[in-house]
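The structure appears below as structure tokens.
The values are calculated or read from the model by the stated rules, or taken from the named source; none is laboratory data. Given the structure is predicted, the values throughout are model-derived calculations rather than measurements. In this analysis, Cβ positions are derived from the backbone assuming ideal geometry, glycine residues included, and neighbour counts consider all displayed protein chains. The area values use the complete protein model at the heavy-atom level, side chains included, leaving out ligands, DNA and RNA. Shrake-Rupley method; radii C 1.70, N 1.55, O 1.52, S 1.80 Å.
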Amino acid sequence: QLQLVESGGGLVQAGGSLRLSCAASGRTFSSYAMGWFRQAPEKEREFVAAINRNGNTYYADSVKGRFTISRDNAKNTVYLQMNSLKPEDTAVYYCAAAGNGYGRSARAGTYDYWGQGTQVTVSS
């Protein structure tokens, strides 16, 4: 069992930055692949970024070059550094964990545990 709690969301102007954190409970955090997804109002949840247990990363084209996913296994935490934010990045951001630690999946169905989400709002 893994519990995930996101933090770091907020309101920021276009061009600004935010860093999201996702703190995980459980002693086996390092064995999980971790992902970030987002969901804007009236839109489907979409993949943002993933990092596997080896530190290999994968990004959606829409955020490549602007967002960076990282993890600190000693702190049981995964981060999403978001730079050059755009109004279209406005969404609730969710952290997720997948038991297949070597994967970097963009499919929400492959993730076993989800956080409650944190709101990110980018004003123009």
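Among residues of region 98-124 that are closer than 19 Å to TYR59 by Cβ and among the basic types (Lys, Arg), those with a Cβ under 6 angstrom from a residue that is open to solvent by less than 40 Å² (accessible area, probe 1.4 Å) and part of a loop (DSSP other than H, G, I, E, B), sequence gap 6+ or separate chain, pair up as ARG104/ASN52. Cβ separations smaller than 8 Å between residues 6+ apart or across chains give the following pairs from region 8-26 residues that are of a type in the set (D, E, K, R) to residues that are surrounded by 17 or more Cβ atoms within 10 Å (Cβ to Cβ): ARG19/TYR79; ARG19/LEU80; ARG19/MET82. If we scan region 28-42, do we find a residue that is surrounded by fewer than 19 Cβ atoms within 10 Å (Cβ to Cβ), within 11 Å of the chain's Cα centre (by Cα) and on the phi < 0 side of the Ramachandran plot? Among the residues of region 28-42, not one is surrounded by fewer than 19 Cβ atoms within 10 Å (Cβ to Cβ), within 11 Å of the chain's Cα centre (by Cα) and on the phi < 0 side of the Ramachandran plot, which makes the answer no.
Of the set (1) of a type outside the set (Val, Ile, Thr); (2) modelled with pLDDT of 95 or more; (3) surrounded by 16 or more Cβ atoms within 10 Å (Cβ to Cβ); (4) more than 29 Å from SER123 (Cβ to Cβ), all apply to LEU18 but (4).
Report, by residue number, each residue of region 44-54 that is touching a residue at least 12 places away in the same chain (Cβ under 8 Å) and open to solvent by 40 Å² or more (accessible area, probe 1.4 Å). Even if it seems obvious, please write down each step before you answer.
Within region 44-54, the first condition is being touching a residue at least 12 places away in the same chain (Cβ under 8 Å), and the residues that meet it are 45-54.
Passing the criteria: ARG45, GLU46, ARG53, ASN54.
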